[in-house]
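What follows is a single structure, written as structure tokens, with notes after it.
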Amino acid sequence: MGAGNEQSTKVDNMAELQNTAAIQIPAPLRINDARLKPIAEKIMVGERLSFDDGVALYQSHDLLATGWLANHVREKRHGNVCYFNVNRHINPTNVCLAHCRLCAFGRSPDQPGAYTFGLEEIWQRAAEGVAEGATEFHIVGGLHPDLPFEFYLDMIRGLKQRFPQVHLKAFTMVEVGFYSRLSKLSIRDTLLAMKEAGVDSLPGGGAEIFNPRVRKIICDHKTSGRMWLDIARTAHELGLRSNATMLYGQIETLEERVEHLLLLRELQDQTHGFVTFIPLAFHPENTALSHLPKPTGFDDLKNIAVSRLLLDNFDHIKAYWIMLTPAIAQIALRFGANDIDGTVVEEKIYHDAGATTPQGVTRAELERLIREAGRVPVERDTLYRPVDRVKNPLPPTRRPTTLVTLNS
Ligand code: SF4
């Protein structure tokens, strides 16, 4: 898309925003489940929801009322805007010693399909992302038993040196915990070394479900839930912001979902360091949990809505279309989500786990999804500042891409 098109798109967006701001008329709320009435009253006066409220919302089949309430909160915060971004995912290696039962991506070093990129290859992939207009590198990988911490620091230094304008969102709390053990540095010093090398923020993966009962079954050998939260807290204290996730639809109970969300809310009260919450639908195929059914569309929308309602101190809720399908992600924009992630050209992790979504959508297709849901697409950077493509036009012959995401 050339600069001229970008300019007219921007003007269109502004006109849309002005028009929709003037004509918003709230649709009536109809509640069929009596248990939701006191919860709705709390939401309408901005009162914080309790653990029991969260469980009642999850138990209720009144999805439309729950969605109406979540949409109300979403529109109060963001109006009609729906954010997306243009980033490049880089997974340095899929070699991982954790062997989580939830994972279809990690490999033993000698297993077919195992790979580890060299630094030059990583920087080359990053250069392709920059040529496609990426404003962010999203970097996560397996817990490789033989790569030293210095390898990752060199990778970050090299990226920062070559592409200083690109935000480096790198290494989950799980990876940080692993590097700390590897390097024999404290968590704080590990994070400081990452920050000094050029890491700007951290992704939200690896949170799964914090409850130890669940972790023991789905990811026994990786960072505990308590540790994940402690690492996030330390990162935030050092000025590194992060995202947060929850992997739903595996063996967790509804109560364990609510517990997970409230632990995140509690930490956010203390640090204000989380940027976005991303509910992740479990994809069981090719994992050790392949006997489990996939989450349904009903559950997907419920998780978006309940997250929006419980996480009253999170600015953003993302509907990650690769996991939800474009169709469900589009509907989620009316059930509490205000972000739909980005265009994607080659996605490996969730497709390894049986995702049947396409490998990518064009920017035009993504914008159509957003506009058809009655929202206004706004390209953002990692920290949700609008990207000005008039000043920074996309290369005319390339389309923006996102490569690979990982739940480590
Ligand atoms: S989920 Fe992450 S930590 Fe677990 S096996 Fe997969 S890559 Fe390794």
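The values are calculated or read from the model by the stated rules, or taken from the named source; none is laboratory data. Just so we're clear, the structure is a prediction, and the values are computed from it rather than from any experiment. Note that we place each Cβ from the backbone using ideal geometry, even for glycine, and neighbour counts take in every protein chain shown.
See the values below:
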quantity: Candidates 188, 213 - the one that is assigned to a helix (DSSP H, G or I), over 23 Å from residue 239 (Cα atoms), touching a residue at least 24 places away in the same chain (Cβ under 8 Å) and away from the ligand (no atom under 14 Å from the Cβ); calculated: 213
quantity: Filtered residue count, the stretch 155-177, keeping only those that are in a loop (DSSP other than H, G, I, E, B) and closer than 19 Å to residue 187 by Cβ; calculated: 2
quantity: Only one of 70, 40 that is without any contact (Cβ under 8 Å) to a residue 40 or more places away in the chain and over 30 Å from residue 216 (Cα atoms); calculated: 40
quantity: Only listed residue being among the hydrophobic types (A, V, I, L, M, F, W, C), under 20 Å from the mean Cα position of the chain (by Cα) and either within 15 Å of the ligand (Cβ to nearest atom) or not in a loop (DSSP other than H, G, I, E, B) (or both), chosen from 235, 193; calculated: 235
quantity: Some residue of the stretch 152-171 being within 16 Å of the ligand (Cβ to nearest atom) and within 30 Å of residue 261 (Cβ to Cβ); calculated: yes
quantity: Residues being more than 16 Å from the ligand (Cβ to nearest atom), of a type in the set (S, T, N, Q) and in a loop (DSSP other than H, G, I, E, B) - total across the stretch 46-102; calculated: 3
quantity: Out of 150, 128, sole residue that is modelled with pLDDT under 95, part of a helix (DSSP H, G or I) and either in contact with a Gly (Cβ under 8 Å, 6 or more places away or on another chain) or surrounded by fewer than 16 Cβ atoms within 10 Å (Cβ to Cβ) (or both); calculated: 128
quantity: Residue check for residue 57: modelled with pLDDT of 95 or more, surrounded by 11 or more Cβ atoms within 10 Å (Cβ to Cβ) and over 30 Å from residue 377 (Cβ atoms); calculated: no
quantity: Top-ranked residue of the stretch 171-181 - restricted to ones that are crowded, with 19+ Cβ neighbours inside 10 Å and without any contact (Cβ under 8 Å) to a residue 40 or more places away in the chain, ranked as farthest from the chain's Cα centre (by Cα); calculated: 180
quantity: Residue 129 vs. criteria within 11 Å of the ligand (Cβ to nearest atom) and either farther than 16 Å from residue 165 by Cβ or touching a residue at least 24 places away in the same chain (Cβ under 8 Å) (or both); calculated: no
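Here's the yes/no breakdown for (1) surrounded by fewer than 20 Cβ atoms within 10 Å (Cβ to Cβ); (2) within 21 Å of residue 48 (Cβ to Cβ); (3) not basic (Lys, Arg):
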position	(1), (2), (3)
210	no, yes, yes
226	yes, no, no
230	yes, no, yes
242	no, no, yes
245	no, no, yes
248	no, no, yes
253	yes, no, yes
271	yes, yes, yes
